[in-house]
Amino acid sequence: MVYLTRKAEFSAAHYYHNPQWSAEENQRVFGKCANLNGHGHNYTLEVTVKGEPDAKSGFVIDLKDLKAIMNREVLDVMDHRMLNKEVPEFVTQIPTTENLAISIWKRLEGKLKIARLHRVRVYETPDLFVDFYGEK
Amino acid sequence: MKAYLTRAYLFSASHRLHSDEFSAEKNAEVYGKCNNPHGHGHNYRVEVTVGGQVDATLGMVCDLAELDTFVNNEIIERYSLENLNTLPEFKEVVPTTENLSIEIFNRLRSGFKPAEVTKIRIEETAMNSFEYSAGAELR
């Protein structure tokens, strides 16, 4: 089994707001992130897939294909977007980095013809990242 | 107490991705620019992870100087500034970084005795990396 990781970068805006809470409660829980005008990050996405290298090609997956899938399923949808307003799942869900990792997993899951998705890692800033392994 | 130690090493080498089992058209389709007959190169960054009990006296999993000497002699000397396709292990095996990870893992795992080599991670470029741990689940 070999694990292959591809990185990509995207920039997006978001804010944290739970409509079931009062403005004061949102402010208390989310602090500066609750500002409804939003703020942004340069996100780094790392997608790890696993599989045996193909006996003929030596590839676990063709990196071009993985890049194309990541571009189509994630970057085209999220890059330079306001996540809360322009990405459907975040209209009803708070776009925390945890939820972003889960959302990206769901967007990629089932899109790979060969190799299996192993991990989605999303860096919100260089010193903060979330890992999701598809676990329930 | 078991701990894991990771040390990074750098080497530069060239390779060409080409399978004799594919036609010229199929090779071009599968490998794209990497099939260029003249080859191309990378600065590879290899992370070697060893695991073992922390020695009560030394406070170490293994002596880093011993690991450095072994990796330099067995891996860096072998691959640095070489064309990977010319080496015996890649005569029949395409030198993708998947296969390079497995090759380096096997060389270190079987040869390095002071601690168990548990994982190899290779960055081929800043955007691509490969990990091999002989079937152990990665976390």
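The table below gives the values:
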{"item": "One residue from B:F70, B:F130, B:F105 being surrounded by 15 or more Cβ atoms within 10 Å (Cβ to Cβ) and more than 30 Å from A:Y133 (Cβ to Cβ)", "result": "B:F70"}
{"item": "B:I120 within 12 Å of chain A (Cβ to nearest Cβ), closer than 25 Å to A:A55 by Cβ and either modelled with pLDDT of 95 or more or part of a helix (DSSP H, G or I) (or both)", "result": "yes"}
{"item": "Residue within segment B:113-129 that is touching a Gly at 6+ places or on another chain (Cβ under 7 Å), β-branched (V, I, T) and without any contact (Cβ under 8 Å) to a residue 60 or more places away in the chain present", "result": "no"}
{"item": "Matching residues in segment B:1-52 - criterion: being on the phi < 0 side of the Ramachandran plot, part of a helix (DSSP H, G or I) and surrounded by 13 or more Cβ atoms within 10 Å (Cβ to Cβ)", "result": "B:K26, B:N27, B:A28, B:V30, B:Y31, B:C34, B:N35"}
{"item": "Residue check for B:N43: free of Cβ contacts under 8 Å to residues at least 40 places away in the same chain and in contact with a Lys or Arg (Cβ under 9 Å, 6 or more places away or on another chain)", "result": "no"}
{"item": "Breaking point among (1) closer than 23 Å to A:E124 by Cβ; (2) of a type in the set (G, A, S); (3) within 18 Å of the chain's Cα centre (by Cα), for A:G31", "result": "(3)"}
{"item": "Per-region count, segment B:76-126, residues touching a strand residue (DSSP E or B) at 6+ places or on another chain (Cβ under 8 Å) and of a type in the set (D, E, K, R)", "result": "8"}
{"item": "Number of positions in segment A:100-136 that are of a type in the set (S, T, N, Q) and at pLDDT below 95", "result": "1"}
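Residues are listed down the side, and each one gets a yes or a no for (1) assigned to a helix (DSSP H, G or I); (2) at pLDDT 95 or above:
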| residue | (1), (2) |
| --- | --- |
| B:E74 | yes, yes |
| B:L100 | yes, yes |
| B:R109 | yes, yes |
| B:A126 | no, no |
| B:E131 | no, yes |
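Here is a yes/no grid of residues against (1) surrounded by fewer than 18 Cβ atoms within 10 Å (Cβ to Cβ); (2) farther than 18 Å from A:F129 by Cβ; (3) more than 14 Å from chain B (Cβ to nearest Cβ):
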residue	(1), (2), (3)
A:K50	no, yes, no
A:A55	yes, yes, no
A:G58	no, yes, no
A:L63	no, yes, no
A:V74	no, no, yes
A:E86	yes, yes, yes
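The values are calculated or read from the model by the stated rules, or taken from the named source; none is laboratory data. Note that the coordinates shown come from a computational prediction; the quantities given were computed from them, not determined experimentally. Using ideal geometry, Cβ is built from the backbone for each residue, glycine included, and neighbour counts are taken over all protein chains shown.
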